[in-house]
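Only one structure is covered here, and it is reproduced in the block below.
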Amino acid sequence: VIKVSITTDWECLSPSPDGFAKVLPVAQMIIPAITLASLAEKYNIRISYFLEISQWIKFKHTPDYKEYYLKISELAKELYLRGHDIQIHGHSEWITAKYINGSWVRAFSGPDMVHQVMPQFILTLEEAIYDLQLLLGGTYRANVYRAGGYNVEPFAELYNVLTRFGIFADSSRHEKKPFSSFCEKDSEIISLPILGEFPTADQRWDMNLSPKTCSYLFGHTSCYGVKNKNAVMMGHTKQIHQWKPLEECFYKIMCDDYISPVTISCLALSSREELISKKKILN
Ligand SMILES: [Zn+2]
């Protein structure tokens, strides 16, 4: 059986240096998250939402956006109670973004690089995990991290941060420079990379929860190959969704006895157990 996690980065568009990018929490986060959950539940599937925490915490401290922090929180709680998973995603550009005259302005251009804002990122991560724990209750755990813009190499510094907060799995996209050897050989971090080949630039936001999803998953054209027992699919709530092919994909997942949809936390926990037993055998 192949365990499949269906994940989405739960976020608005990132701010741009000119302030023109539209940051629309209702259209880019709230409505798509609700639609996705309802569609998945029809086929007894649960979604793993990677909440963009730098943005969420930024909204919390920005009076004009505080209501969105509250609405997103309320929805996160409802989704969690319905069996969906809420995990951790964060872009460095949100850490330093400023809200000026009604627009979000990015403080720097160039790629997302969490190392440049590590002290503030650590504070944001701490606040977000605290808020999530309070919101979702005692059984909730932040287990899995996904990097913003996929730029976290070298991983060593971030590794120390994640493990300090109890996060034990990484589901970033890094097939070209996999952490997995680093992650799994000497450390506690499990690597759960995203399924599929990295597409061309214009397909980037359309790469998994899209009409191509079925061929990725069922054609075994991914980096996983046929031997792999786990798969992680991803989308972005800020993108335009292709709901019909997605529903077809959910239907196929439900009908296929060899595919079992699980949350990313389930996948992380079972992978950790597997790894521990493998290490025991080796020792
Ligand atoms: Zn993102």
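A few points about this structure:
- When the stretch 123-149 is limited to residues that are over 20 Å from residue 262 (Cβ atoms) and within 16 Å of the ligand (Cβ to nearest atom), the one that is surrounded by the most Cβ atoms within 10 Å (Cβ to Cβ) turns out to be 148.
- Identity of the residue in the stretch 41-75, under 16 Å from residue 143 (Cα atoms) and among the hydrophobic types (A, V, I, L, M, F, W, C), that ends up nearest to the chain's Cα centre (by Cα): 50
- Taken together, the residues in the stretch 48-67 that are within 15 Å of the ligand (Cβ to nearest atom) and not aromatic (Phe, Trp, Tyr) amount to 8.
- Residue satisfying condition, being closer than 16 Å to residue 50 by Cβ and modelled with pLDDT of 65 or more, within set 192, 282, 269: 192
- Residue within the stretch 161-168 that is at pLDDT 95 or above, crowded, with 22+ Cβ neighbours inside 10 Å, under 20 Å from the mean Cα position of the chain (by Cα) and part of a helix (DSSP H, G or I) present: no
- Given (1) within 24 Å of residue 243 (Cα to Cα); (2) touching a residue at least 60 places away in the same chain (Cβ under 8 Å); (3) away from the ligand (no atom under 15 Å from the Cβ); (4) among the hydrophobic types (A, V, I, L, M, F, W, C), number of the condition residue 12 does not satisfy: (3)
- Where helices (runs of 4 or more DSSP H) fall wholly inside the stretch 43-151, the ranges with 3 or more residues that are among the aliphatic types (A, V, I, L, M) are 66-81, 118-136.
- Flag: residue 144 does not match the condition of being touching a Gly at 6+ places or on another chain (Cβ under 8 Å) and closer than 23 Å to residue 238 by Cα.
The values are calculated or read from the model by the stated rules, or taken from the named source; none is laboratory data. Just so you know, these numbers come straight off a predicted model, no measurement behind them. Cβ: placed from backbone, ideal geometry, glycine included. Neighbour counts: every protein chain shown.
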